[in-house]
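Quick note: the coordinates plus some simple rules give every number you see, no bench work behind them. Just so it is clear, the structure is predicted and the values come from calculations on it, not from any experiment. As a convention, Cβ positions derive from the backbone with ideal geometry for all residues, glycine included, and neighbour counts pool all protein chains shown.
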Amino acid sequence: MNDALRRVEQELLLADGIPARPWFKHALYAPKFTYAAMEFPGVREAVEQGNWTLAREQLGLLTERLRAVGDAIGRASDRLPAGSRP
């Protein structure tokens, strides 16, 4: 079960990272250029730059990762004993 739950979080990682800062791999959050947090960093930075093509691309990647998370949660749920499933 721990491995299944670990995979849920790993599904949020972007193989190539976010544009201009590929060392940040998480699709949901990354630090700004300060220490403050930024949600949906790939999408948000593209929108702030007015780069709508990149924003659409990043939104597609985010959507793909969220679908993968849903699938991983389903697989983790399938591993629960029958009486404890939600």
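Multiplying the residue separation of A36 and S84 by 0.36 nm and subtracting their alpha-carbon distance yields 13.4 nm. Label zone of R75 (point 7 Å out along Cα→Cβ, amide N under 13 Å): in segment 1-34 this covers 1-12. Provide the FRET efficiency to the nearest 0.05 for the D3-E64 pair, computing r from the beta carbons and using R0 = 25 Å. Given R0 = 25 Å and the Cβ-Cβ separation, E is 0.70.
Given +1 at the Cβ of Lys and Arg, -1 at the Cβ of Asp and Glu and no other charges, the dipole of segment 2-84 around its Cα centre is 100 debye to the nearest 20. Rg ratio for the chain: its Cα radius of gyration over 2.2 N^0.38 Å, N being its residue count, equals 1.28.
Against the chain, whose longest principal axis is taken from its Cα atoms, helix 52-78 shows a tilt of about 10°. In the chain, helices alone account for a calculated mean residue ellipticity at 222 nm of -16500 deg cm²/dmol, with every DSSP H run of four or more residues adding -39,500 (n - 2.57).
Taking the inverse of the mean reciprocal distance over all distinct Cα pairs, the Kirkwood hydrodynamic radius of segment 1-50 comes to 11.6 Å. Please list, by residue number, every one of the chymotrypsin sites (Phe, Trp or Tyr not before Pro) in segment 4-86 that is coil in DSSP and has at most 11 other beta-carbon atoms within 10 Å. Passing both the DSSP loop test and the Cβ count: W23, F33, Y35.
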